[in-house]
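J.: After the structure tokens below, expect a handful of questions from me.
The values are calculated or read from the model by the stated rules, or taken from the named source; none is laboratory data. All of these numbers come straight from a predicted model, not from anything done at the bench. Note that each Cβ is placed from the backbone with ideal geometry, even for glycine, and that neighbours are counted across all protein chains shown. The protein model used for the area step is the full one, side chains on, heavy atoms only, and it has no ligands, DNA or RNA in it. Shrake-Rupley method; radii C 1.70, N 1.55, O 1.52, S 1.80 Å.
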Amino acid sequence: MDETFQTTSGRPRLTRGRPAVRLRAAGLVITALIGSLLVTWVSRTTWGRVENLRQEFSGLKQESFYLGIRLRSDIQRLNDTLLRYRLHGDASDVEIFHGDSQAFQHELDTAATNATTTLERKFIRQINTAYAQYLEESKPILEADRGFFASTQAREFKESYEKVQQQSQYLLSLCDTFVDNQRTAFNAFVLDSNRTLVSFQRLLKLALALLLVLAAALVMFVYRDMIAPLRHQLTESQAVIARQEKLASLGVLAAGVAHEIRNPLTAIKFRLFSLKKTLPEAANEDAAVIGNEISRLERIVKDFLQFARPSEPVLVDVPAARVLQEVCDLLRPQVEKNAIELRLDSCDSIWVRVDMQQIKQVLINLVQNSAEVIGTDGVITLGARSQSRNGERLALLEVTDTGKGIPPEVQERLFDPFFTTKEGGTGLGLPIAARIVEKHHGELRYHTTSGRGTTFVVTLPGYSEHETQNPAH
């Protein structure tokens, strides 16, 4: 199981999420842009369709729906007048016919002026032409002798009337065709309007869904990348403040306890040294055990005091490779006794500003821990590399071993003071190392793989050699 833990830090941690925040912010901006384009497209499409529908509705006039029916009725009335005139020969029917024909022509002219569709304009052109022919065929009947009809005149009258009837049937068929075409066009218009309304509803739902998605994404982004980090930072700051207060109190307590314990231990140790000279040989073994336990108590008090009240580092500029080389030279003979190889990898050319003794103490503690985990037959590798994070250059000092890794139950308490898995250990080695790294404005992290090993990384501010003369440092 792979785990990475960030344990200490001397600088605000909120900035470490900036690349991810920027990436998510860019994603949100792109999503908002795409969403805005989609909403704009939906709005323009919907507006265009609604405008077309409005124009089509505005083009619908009540008069145009009854035009064919009215003209058909007028033509039938003209035919009835001609028929009456044929039967009775009443001159007033001629006047009535002329009045109705003028009214019919006026209605055609008005309809031609108000025509808005191609269907209406085509119908009016056809009906005008056919009506002119109808009037031409009606002239012989209207101009006939209004007395009694001779046989020759009656025959001509009959032929003329039949022609008028044929032309009137053509006019009536034009009116019927126009009415049918209007009905078909209106049904198609209704269907198209229904489709437009359905599409309009879908587009509105799509726009609403997009707005909800964008709003949810905005809320999620604001909470996850602004509110949540601030809450985390606040909690972290409160924990750091509480920890510093505890450490300050612990430092005062440690100084008093160390003073009170050291004096009796020194006196006991001095008395034991005096007693060794007078004790028989058989009792020297017991005295040696007592002396070792006294030394162990002194070491515990010293480590506890160092953890609670660490000394301020005396910083010097030094190449990171030099620090690792000195640690490697110091510990190589010790670990080789257990068939453990201590390697020094090629290091990047990066400098650090550190207290040499304190940082060496950290690295020595890490190497010794790795050697104890390996036991025998293994490899410990030291290395240094540079890394840029948010425009800041960092030096990473790494200690990698080929041990068994750190069990999950140990990881949870790895940096707890006085927690140890080693017999006779104080449990202050890693906490002291973490405190020292924190004093150097760095962080101590680790990456472990069960059954494959662990890598501890000491991250410190770094810079190139030519930057060491910069007064800002």
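J.: Can you tell me which residues in the stretch 382-392 are in contact (Cβ under 8 Å) with a residue 24 or more places away in the chain and either over 36 Å from the mean Cα position of the chain (by Cα) or over 12 Å from Val457 (Cβ atoms) (or both)?
T.: Passing the criteria: Leu382, Gly383, Ala384, Ser386, Arg389, Asn390, Glu392.
J.: A follow-up question, please. Can you run down the residue pairs with Cβ atoms below 7 Å, 6 or more apart or on separate chains, where the first is in the stretch 393-413 and closer than 15 Å to Val458 by Cβ and the partner is assigned to a helix (DSSP H, G or I) and of a type in the set (S, T, N, Q)?
T.: What qualifies is Val399/Ser370; Asp401/Ser370.
J.: Out of the stretch 85-114, which residues are more than 16 Å from Ile141 (Cα to Cα) and open to solvent by less than 20 Å² (accessible area, probe 1.4 Å)?
T.: Matches in the stretch 85-114: Phe104, Leu108, Ala111.
J.: Taking the options Val327, Val318, Val314, name whichever one is at pLDDT 75 or above, in contact with a Phe, Trp or Tyr (Cβ under 7 Å, 6 or more places away or on another chain), hydrophobic (A, V, I, L, M, F, W, C) and within 25 Å of Tyr463 (Cα to Cα).
T.: Val318
J.: Pairs please, first residue from the stretch 369-381 and free of Cβ contacts under 8 Å to residues at least 60 places away in the same chain and over 14 Å from Leu342 (Cβ atoms), second anywhere and open to solvent by less than 30 Å² (accessible area, probe 1.4 Å) and among the hydrophobic types (A, V, I, L, M, F, W, C), Cβ atoms under 9 Å, 6+ apart in sequence or on different chains.
T.: Final answer for the pair search is Gly375/Ile340.
J.: Which one of these does His441 not meet: (1) in a strand (DSSP E or B); (2) touching a residue at least 40 places away in the same chain (Cβ under 8 Å); (3) under 21 Å from Asp317 (Cβ atoms); (4) open to solvent by 50 Å² or more (accessible area, probe 1.4 Å)?
T.: Against the list (1) in a strand (DSSP E or B); (2) touching a residue at least 40 places away in the same chain (Cβ under 8 Å); (3) under 21 Å from Asp317 (Cβ atoms); (4) open to solvent by 50 Å² or more (accessible area, probe 1.4 Å), His441 comes up short only on (1).
J.: Also, quick follow-up: Can you tell me which condition Arg49 does not meet? The list is (1) open to solvent by 60 Å² or more (accessible area, probe 1.4 Å); (2) touching a Ser or Thr at 6+ places or on another chain (Cβ under 7 Å); (3) modelled with pLDDT of 85 or more; (4) not aromatic (Phe, Trp, Tyr), and all the others hold.
T.: Result: Arg49 fails condition (3) only.
J.: Also, quick follow-up: If I go through the stretch 419-438 residue by residue, how many of them are in contact (Cβ under 8 Å) with a residue 24 or more places away in the chain and open to solvent by less than 50 Å² (accessible area, probe 1.4 Å)?
T.: Residues in the stretch 419-438 being in contact (Cβ under 8 Å) with a residue 24 or more places away in the chain and open to solvent by less than 50 Å² (accessible area, probe 1.4 Å): 13 in total.
J.: Give me a count of the residues in the stretch 396-418 that are open to solvent by 60 Å² or more (accessible area, probe 1.4 Å) and assigned to a helix (DSSP H, G or I).
T.: Result for the stretch 396-418: 2.
J.: Here is a further query. For residues that are basic (Lys, Arg) and more than 22 Å from Ile436 (Cβ to Cβ), scanning just the stretch 337-388, find the one that is surrounded by the most Cβ atoms within 10 Å (Cβ to Cβ).
T.: Only one residue tops the list, namely Arg343.
J.: Among the residues in the stretch 206-226, are any modelled with pLDDT under 75 and open to solvent by 100 Å² or more (accessible area, probe 1.4 Å)?
T.: no
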